[in-house]
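Student: Please read through the structure below; I'll follow up with questions.
The values are calculated or read from the model by the stated rules, or taken from the named source; none is laboratory data. This is a predicted model, so every value here is computed, not measured. Because the Cβ atoms are built from the backbone with ideal geometry, glycine has one as well, and the counts that use them run over all protein chains shown.
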Amino acid sequence: MSRSILCAIDVSEGAHDREVLLTAQKLATLDKARLDVITVVPDFGMSVVGSYFDKGFHDKAVEHAREALSKFVSETLGAEADAGMRHIVATGKAYEEILHAARAAGTDLIVIGSHRPELSDYLLGPNAARVVRHSDCSVYVVRPSA
């Protein structure tokens, strides 16, 4: 039984992550658990590429991700559900930040999406696979429906 569920969303994924969020909400409702959502913005400032961006680019990217996450949750679950959950916008490598947020919040279950494997890639996506491999808690992977 879960008390705290962390749902990892890529706000650029759209339809598939809608399924991920709906699944996380169902699981949270079943267990009467708190549902948190997280999205991760790449760390533009730490890479060589970062020097090519304006100084305030990262802050704008984080703010845009925060707005997109709130809009996505609100459109998918409703404004009341959106207002009742914690939104986390982290910066860095997606799998590291998801694991860090889960540990910090005492999360019992991580819900994450994975792409449909193609012939050349018959494993989970790199972030989902790393989260599954390194998580201290259970991980529920949502595959895209047919």
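Student: Of everything in region 88-103 that's in a helix (DSSP H, G or I) and not aliphatic (A, V, I, L, M), which residue is farthest from Leu69 (Cα to Cα)?
Tutor: Selected residue: Arg103.
Student: Against the conditions (1) loosely packed, with under 15 Cβ neighbours inside 10 Å; (2) closer than 18 Å to Cys137 by Cβ; (3) touching a strand residue (DSSP E or B) at 6+ places or on another chain (Cβ under 9 Å), where does Ile9 fall short? Just the number, please.
Tutor: Going through (1) loosely packed, with under 15 Cβ neighbours inside 10 Å; (2) closer than 18 Å to Cys137 by Cβ; (3) touching a strand residue (DSSP E or B) at 6+ places or on another chain (Cβ under 9 Å) one by one, Ile9 breaks only (1).
Student: Just the residues that are of a type in the set (D, E, K, R) and surrounded by 14 or more Cβ atoms within 10 Å (Cβ to Cβ), please, taken from region 58-93.
Tutor: Arg66, Asp82, Lys93
Student: Which of the following residues is out of contact with any Phe, Trp or Tyr (no Cβ under 8 Å at 6 or more places or on another chain), among the aliphatic types (A, V, I, L, M), part of a helix (DSSP H, G or I) and modelled with pLDDT under 70: Val49, Val73, Val62?
Tutor: Val49
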